[in-house]
Amino acid sequence: MKLNKIFKWGMVVLILISVAIMVWGFVAGFAEGNVAKKPTDVLLTWAYIMIGIALFCWVIVGLFISIKNDPKSLVKMGIVLVGIAAVCLVSYLLAKGNPVPGYMGPEVSAGMLKLTDTILILTAIAGIGAVAAIIVGEIRLAITNKK
């Protein structure tokens, strides 16, 4: 029961911080020249922190609960982590990192372009996977309910 309270209050704190940063961004203004750089940077940094917290919780808390409930599930978790790492590696290898034609903004490094392409490929893979999971799930549900 204590763990549920910790997660509940931790989630409330993270939501309150997120809302405060969002309100500050709108008050300071996101699209007013150089002033907009600070709220946007803070908002992006907070998004990275939230992703890091989510990954930490998924891996560490999942690892702890897996060890407690069923030590054999560690193998499944390891397979999932290796699969995710493989998809990220393949996405990185497929990313070309070409600059956008007609882009007139500040100079962007080749590494940043490669990373951006990798993220776009990962997003496409996740979207296609989600659509495929929905379709397969509905077909499976229709077959199961038919019998």
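Nothing in this text is a laboratory measurement; each read-out follows from the coordinates by a stated rule. Model, not experiment: these values are computed from the prediction. Neighbour counts are summed over all protein chains in view; Cβ atoms, including those assigned to glycine, are modelled from backbone coordinates with ideal geometry.
Please compute the length gained on full extension between Ala20 and Ile60, using 0.36 nm multiplied by the number of residues separating them and subtracting their Cα-Cα distance.
Values: separation 40, 0.36 × 40 = 14.40 nm, distance 2.77 nm.
Answer, rounded to one decimal: 11.6 nm.
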Distance in nm between label sites at Leu120 and Ala142, each 7 Å beyond Cα in the beta-carbon direction? 3.4 nm
Charge dipole magnitude, Cβ of K and R +1, D and E -1 - the chain, Cα centre, debye nearest 20: 760 debye
Give the relative contact order (percent, whole number) for the chain; include only Cα pairs under 8 Å separated by 6+ residues. 12 percent
Among [x] 16.0; [y] 18.7; [z] 19.6, find the value of Kirkwood radius over Cα pairs in Å that was calculated from the structure presented, and write down its label. [z]
Under a plain spin-label model, where a point goes 7 Å from the Cα along Cα-to-Cβ, how far apart in nm are Lys5 and Asp41? 4.1 nm
Of the options Tyr48, Gly129, Gly105, report the single residue whose Cα projects farthest towards the positive end of the charge dipole of the chain (beta-carbon charges: Lys, Arg +1; Asp, Glu -1). Gly129
Have a look at Gly111, Gly62, Gly102 and tell me which one the Gaussian network model of the chain (Cα, springs below 10 Å) gives the largest fluctuation. Gly102
Going down the table (Lys2/Lys76; Lys72/Lys96; Lys72/Lys146), which pairs top 30 Å between alpha carbons? Lys72/Lys96; Lys72/Lys146
Using DSSP H assignments, which helices in the chain have an axial alpha-carbon span of 20 Å or above and a mean Kyte-Doolittle hydropathy of 0.0 or higher? 2-28, 37-56, 73-94, 110-146
